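I have a structure here, written as structure tokens, and I will follow up with some questions on it.
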Amino acid sequence: MTPSKVTLRRLRELAAEGTPIVMVTAYDFASGRVAERAGVDIVLVGDSGAQVVLGHPDTTSVTLDEMLMLAKAVRRAVRTPLLVCDLPFGSTEVSDEQAVTTSVRFVHEAGAEAVKIEGASPARLSRLRAIVDAGIPVVGHVGLTPQTATALGGLRAQGRTPDDAIRVAGDALAVQDAGAFALVIEAVPSDVVSEIRRALRIPVIGIGAGTADGQVLVQHDLLGITEGRAPVFVKRYATIGDAMVEGVETYAREGREGAFPAPENEYPTSAEVAAAVREFLGTQSRRK
Ligand code: KIV
């Protein structure tokens, strides 16, 4: 049976019935297909793609054009899950109008069904309201917001003191009131998140935030493709990166040893064809 398209209404139903929402990132056709085939509810074209697939040092380095290119590739792969695209740093900062124009580009050019915007400053909330007013569904993102990590003191957990937890809670309420249909909370202690969830009507998707209405992880982190130490909230479900390196190492070794290509990797033909070519080339060399 073909799974039915995930809609905002379906997400609200899942949250209401206590069925966890599954969200994962994707950045190209292949990772989009993995997400589609795995049956997740939401695919996020995250600006984490800056580091994960484009090799930038941080999320602020990725451009709108780069994000659009990634999003278009994911769109070609994803049918059933809801497709959400991150609004990258620099594509909304100038004005509400810029934020709406950027969001419309994601919808028009990449088929985004919603966008995600980080933060809850007065300017961010104004952008969020403007995008929602334009008819584009928005996911908010509070707690650790990597685009402004420098101002937050680095990539570190948020809401760990009473004052900071109150700040995160205020941000969450403000994002909901500005019109977001769901909220990502990143790197916040789970007991703080439970309190916040009690006060919210919209589904909360956690990353490093304990139990919530759903979870999101970077696909390349959970598959073990990214190198180095992962944040504590990442669970590695596979070690695909090692398997990929092993595969290419074996290919390199067999190529160098002459074990690849083997007869089964070649197109079959008859001795007659090779003889015809040999004769033709012989004639050519005699002409010189
Ligand atoms: O860019 C991203 O991958 C994200 C998720 C981690 C929530 O924003």
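For the chain, what does the helix formula give at 222 nm: sum of -39500 (n - 2.57) over DSSP H segments with n ≥ 4, over the residue count, nearest 500 deg cm²/dmol?
-14000 deg cm²/dmol
What's the center-to-center distance, using Cα atoms, between the stretch 5-72 and the stretch 142-188 in Å?
Comparing the Cα centres of the stretch 5-72 and the stretch 142-188, I get a distance of 20 Å.
Another question, then. Could you pull out every one of the aspartates and glutamates with an alpha carbon less than 17 Å from that of K5, ignoring same-chain neighbours closer than 8 positions?
Here the aspartates and glutamates satisfying the reach criterion relative to K5 are E13, E36, D41, E113.
For V218, V277, write out the residues from largest to smallest accessible area, computed with a 1.4 angstrom probe and no ligands counted.
Largest accessible area first, the residues go V277, V218.
Also: How big is the accessible area of H108 in square angstrom, nearest 10, if you roll a 1.4 angstrom probe over the protein chains?
Surface open to solvent at H108 totals about 150 Å².
Once both axes come from the Cα atoms, what is the angle between helix 96-110 and the longest principal axis of the chain, in degrees from 0 to 90, rounded to 10?
40
Relative contact order of the chain, please, whole-number percent, based on alpha carbon pairs below 8 angstrom and at least 6 residues apart.
Relative contact order comes out at 14 percent.
Then there's this: Kindly rank 94-106, 235-247, 155-167, 205-217 from highest to lowest mean number of other beta carbons found within 10 Å of each residue.
Per-residue Cβ counts within 10 Å, averaged per peptide and sorted highest first, yield 205-217, 94-106, 155-167, 235-247.
Something else now. Could you give the angle, 0 to 90 degrees to the nearest 10, between helix 8-17's Cα long axis and the longest principal axis of the Cα atoms of the chain?
70
Sticking with this structure for a sec: ³J(HN,Hα) across the stretch 195-202 via Karplus (A = 6.51, B = -1.76, C = 1.60, θ = phi - 60°), whole Hz, x for Gly/Pro?
Those phi angles translate into 5, 5, 4, 4, 8, 9, 9, 8 Hz.
Expressed as an acute angle from 0 to 90° and rounded to the nearest 10, what is the orientation of the C-alpha long axis of helix 240-257 relative to the principal long axis of the chain?
10
Once the principal axes of the Cα atoms of the chain are found, what is the range along each, listed largest first in whole angstroms?
86, 44, 37
Net charge around A243, counting only other residues with Cβ within less than 14 Å of its Cβ (Lys, Arg = +1; Asp, Glu = -1)?
-3
Which FRET efficiency, nearest 0.05, do L155 and T283 yield, Cβ-Cβ r, R0 51 Å?
In this case the efficiency is close to 0.15.
The values are calculated or read from the model by the stated rules, or taken from the named source; none is laboratory data. It should be emphasised that the depicted structure is a prediction, and the values quoted were computed from it without experimental measurement. Backbone-built Cβ (ideal geometry, glycine too); neighbour counts: all protein chains shown. Accessible surface is based on the protein model in full, side chains and every heavy atom, while ligands, DNA and RNA are left aside. Shrake-Rupley method; radii C 1.70, N 1.55, O 1.52, S 1.80 Å.
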